[in-house]
1. Of all residues in segment 282-295, count the ones that are under 20 Å from the mean Cα position of the chain (by Cα) and in contact (Cβ under 8 Å) with a residue 40 or more places away in the chain.
2. In segment 366-406, what count of residues is obtained for those that are within 24 Å of residue 237 (Cα to Cα), away from the ligand (no atom under 16 Å from the Cβ) and part of a loop (DSSP other than H, G, I, E, B)?
3. Hey, could you check segment 64-90 for residues that are out of contact with any helix residue (DSSP H, G or I) (no Cβ under 6 Å at 6 or more places or on another chain), over 27 Å from residue 354 (Cα atoms) and in contact (Cβ under 8 Å) with a residue 60 or more places away in the chain and say which is surrounded by the most Cβ atoms within 10 Å (Cβ to Cβ)?
4. Are any residues in segment 338-349 over 18 Å from the mean Cα position of the chain (by Cα), in contact (Cβ under 8 Å) with a residue 12 or more places away in the chain and surrounded by fewer than 23 Cβ atoms within 10 Å (Cβ to Cβ), and if so, which ones?
5. For residue 335, all conditions in the list (1) farther than 21 Å from residue 159 by Cα; (2) at pLDDT 95 or above; (3) out of contact with any strand residue (DSSP E or B) (no Cβ under 9 Å at 6 or more places or on another chain); (4) surrounded by fewer than 24 Cβ atoms within 10 Å (Cβ to Cβ) hold save one; what is the number of the exception?
6. Condition check: touching a strand residue (DSSP E or B) at 6+ places or on another chain (Cβ under 9 Å), at pLDDT 95 or above and more than 26 Å from residue 291 (Cβ to Cβ). Does residue 174 satisfy that?
7. How many residues does segment 2-43 contain that are out of contact with any strand residue (DSSP E or B) (no Cβ under 9 Å at 6 or more places or on another chain) and either in a helix (DSSP H, G or I) or at positive phi (or both)?
8. In the list 369, 318, which residue meets the criterion of being under 30 Å from residue 214 (Cβ atoms), within 22 Å of the chain's Cα centre (by Cα), in contact (Cβ under 8 Å) with a residue 60 or more places away in the chain and exposed (fewer than 15 other Cβ atoms within 10 Å of the Cβ)?
Ligand SMILES: *Cc1c(COP(=O)(O)O)cnc(C)c1O
């Protein structure tokens, strides 16, 4: 059995497509990977996973890479699910957990999508890839592309965090700054597809980054002994994380591996400065038009329009969750609060999640006794610009107690 993929499926109209051929989108919308879950269920059980590699590749049967191909990997270990009693208490919650994706290669959960997508690109014979990025996807694509010996072209907005520019250069990608937003960068990548001969690795414009992101849901379920939390808070940009996790829970349910009937409520969190999904959710719509004048320092959320909008909105609604906004001016507060209470390196995107969660608790709209999981999608130290430092100085030649308050 080279792989358990049964077929690919257009997310907008259900058209079936052949696996193991090069696919981008279908009808300008994303493509799902579908598996023969009956056969998988007869082949492995949750027990079979015990003793396997501590990496998302432990879920090999639920991933698209045929068994004769080696994955392109940087040893992306399972991210820890950290109980956060002190932060929980500060928020008024009795069971708060952070799933800390900042510890993955290149310091964000983007490595999950890229290990899957670059592995599949290599298996399909692709040698040159390009992508637009708000920041972390570029760093991850450059790293995994380097690992696979591929040529990587990256287009990023000129105000992309300096560390993302730096890492992409260090990993040998060809990096270009664009006077626009991620969707403007995406247009350039699309334009160059034929003339430059690259494969478009944009979020949800190929089928496999989603499969890598799906492993966040598989891992979470396994770490919770195949039970799931009452609610998940997730910072939403292009939406692969949210959509991928919902797909994971659905596949686990079909496999009969879950010890619970109750699915978690998905809370999609965006900054008030760029909130296309929250806006469409509030209006009861399934598609989200371009959000005007998008701005937020949480660069991963600076995505004014997403091809997977309907997939996100379907998942959020099916889960009974909501798409909400957090305050831009609360970001540094939540980064320092989580950092100082729990030692967790919180990205600005996840700071927005804490602001949304805090608002729900204060309005009495969430059960504070239930287990709640917040995803920390990246590392604080990748965002130097977010918190300008003004540290006090002490003179080496003056007695220290004279220079300090008490
Ligand atoms: C890309 C990114 C997001 C948004 O992720 P999606 O799953 O594409 O919605 C959130 N946080 C960080 C740190 C990111 O890099």
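1. Summing the residues that are under 20 Å from the mean Cα position of the chain (by Cα) and in contact (Cβ under 8 Å) with a residue 40 or more places away in the chain in segment 282-295 gives 1.
2. Here the count works out to 1.
3. 66
4. Within segment 338-349, 339, 341, 342 qualify.
5. Result: residue 335 passes all but (1).
6. Taking the combined requirement at face value, the residue satisfies it.
7. Of the residues in segment 2-43, 7 are out of contact with any strand residue (DSSP E or B) (no Cβ under 9 Å at 6 or more places or on another chain) and either in a helix (DSSP H, G or I) or at positive phi (or both).
8. 318
The values are calculated or read from the model by the stated rules, or taken from the named source; none is laboratory data. Every value quoted in this text rests on a predicted model; they were computed, and no experiment measured them. Here Cβ is always computed from backbone atoms with ideal geometry, including for glycine, and neighbour counts include all displayed protein chains.
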